[in-house]
1. Here is a list of conditions, (1) open to solvent by 20 Å² or more (accessible area, probe 1.4 Å); (2) in contact with a Phe, Trp or Tyr (Cβ under 8 Å, 6 or more places away or on another chain); (3) under 18 Å from Val73 (Cα atoms), and Trp149 meets all of them except one; can you say which number that is?
2. Only one of Asp198, Asp231 is modelled with pLDDT of 95 or more and among the charged types (D, E, K, R); which?
3. Going residue by residue through region 131-143, is there one that turns out to be open to solvent by 60 Å² or more (accessible area, probe 1.4 Å), more than 21 Å from Tyr54 (Cα to Cα) and at pLDDT 95 or above?
4. Report those strands (runs of 3 or more DSSP E) wholly inside region 222-282 carrying at least 3 residues which are hydroxyl-bearing (Ser, Thr, Tyr) and in contact (Cβ under 8 Å) with a residue 40 or more places away in the chain.
5. Of everything in region 298-356 that's without any contact (Cβ under 8 Å) to a residue 12 or more places away in the chain, open to solvent by less than 60 Å² (accessible area, probe 1.4 Å) and assigned to a loop (DSSP other than H, G, I, E, B), which residue is nearest to Glu193 (Cα to Cα)?
6. When region 77-95 is examined, which residues are found to be assigned to a strand (DSSP E or B) and farther than 23 Å from Lys46 by Cβ?
7. Which count do you get for residues in region 77-97 that are within 26 Å of Lys170 (Cα to Cα) and surrounded by fewer than 22 Cβ atoms within 10 Å (Cβ to Cβ)?
8. I'm told Ala119 meets every condition in (1) open to solvent by 50 Å² or more (accessible area, probe 1.4 Å); (2) farther than 20 Å from Lys12 by Cβ; (3) within 23 Å of the chain's Cα centre (by Cα) except one. Can you identify the failing condition by its number?
Amino acid sequence: MDISLSPQLAKKVYGGNGGSYHAWCPSELPMLQRGNVGAAKLALEKNGLALPCYSDSSKVAYVLQGNGIAGIVLPESEEKVVAIKKGDAIALPFGVVTWWYNKENTELVILFLGDTSKAHKTGEFTDFFLTGSNGIFTGFSTEFVSRAWDLEEKDVKTFVGNQPGKGIVKLEGNFSIPEPKQENRKGMVLNCEEAPLDVDIKDGGRVVVLNTKNLPLVGEVGLGADLVRLDGRAMCSPGFSCDSALQVTYVVRGSGRVQIVGVDGRRVLETTLKAGNLFIVPRFFVVSKIADDDGMEWFSIISTPNPIFTHLAGSSSVWKALSPSVLQAAFNVDSNVEQLFRSKRTADAIFFPPPK
């Protein structure tokens, strides 16, 4: 594959006193465009408000840091105001209008990963703001807006022209943001740091998988996701998505090494991963990671709501399923070597603790 898979950091697109918006660019990470996926981060300072908007892409949002409030309006539905915190994952289908607010001193940082197959620009999100200096209604004539809203033209000019901010603003004075309701989180938000573990290997790692069972809205988004926490010096088994899914991975914390192998046994990536890096594993390519001493944590989306992976090490790997004679012939080894190979990694695990 003659395309760079090197991990990249996000770059600032816009921002001000209220916060900033960062995105990964397809020109620097070509797999975004090749894989029809987008990635961005929103960072809000205290009293920062991301103005109401909708996007041309379905997404999964993941709260990397802080606490805040989100307003979510699904098509033909009432607004749901939810409290959000670190570890929360939120599925955002097409047509959803959202706003985000931070009332705390700690910066609120939200990651967005999504499908851009129907976007205006492949590999990039395009947001359509309802208000602000680049709001949709700044493009309509006063007459059209007046008739649509049943307002006098002088009132239309006030509504449309009074907000000079673009995308993100900082609220001053005594603004009253709606209070979130706990019941609104049900079916909308899943906290990956508190959810039951799908995999838990001592001294190895832990996984929480987002799918249609624990967060039904991911079915509408068309994406699955997972949060993986790898312990210090532990290894994540070599594996690949066997249902042609693409993996988009953001390193939340820590560092480690990654190798990706593709067609004809060619190693297409070998590098060190650090917090803030984003990288993409092409369809059917095999990936494996080893954490540094302090461990490594990452959040990924997979381009199917209920992904299936095949692992190439461990008791549940394809090697253990193949008959001994086939393994001997395939590796061109005798039965003693085959038995030695089969006797290793007998535990049902996808994470392997460091050597003792």
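1. Among (1) open to solvent by 20 Å² or more (accessible area, probe 1.4 Å); (2) in contact with a Phe, Trp or Tyr (Cβ under 8 Å, 6 or more places away or on another chain); (3) under 18 Å from Val73 (Cα atoms), Trp149 violates only (3).
2. Working: Asp198 fails: modelled with pLDDT of 95 or more.
That would be Asp231, the only listed residue that is modelled with pLDDT of 95 or more and among the charged types (D, E, K, R).
3. Yes, because at least one residue in region 131-143 is open to solvent by 60 Å² or more (accessible area, probe 1.4 Å), more than 21 Å from Tyr54 (Cα to Cα) and at pLDDT 95 or above.
4. On the way: elements: 224-230, 235-241, 247-261, 267-274, 278-281.
Because the criterion is at least 3 residues that are hydroxyl-bearing (Ser, Thr, Tyr) and in contact (Cβ under 8 Å) with a residue 40 or more places away in the chain, the strands (runs of 3 or more DSSP E) in region 222-282 that meet it are 247-261.
5. If we take residues in region 298-356 being without any contact (Cβ under 8 Å) to a residue 12 or more places away in the chain, open to solvent by less than 60 Å² (accessible area, probe 1.4 Å) and assigned to a loop (DSSP other than H, G, I, E, B), then Ser323 is nearest to Glu193 (Cα to Cα).
6. So in region 77-95, the residues assigned to a strand (DSSP E or B) come out as 80-85, 88-92.
Residues satisfying the conditions are Lys80, Ala89, Ala91, Leu92.
7. 12
8. (1) is the only condition that Ala119 fails.
The values are calculated or read from the model by the stated rules, or taken from the named source; none is laboratory data. Quick caveat: nothing in here was measured; it's all calculated off a predicted structure. Every residue, glycine as well, gets a Cβ built from its backbone with ideal geometry; the counts of neighbours run over all protein chains shown. For the accessible areas, the whole protein counts, side chains as well, though only heavy atoms, and no ligand, DNA or RNA atoms are used. Shrake-Rupley method; radii C 1.70, N 1.55, O 1.52, S 1.80 Å.
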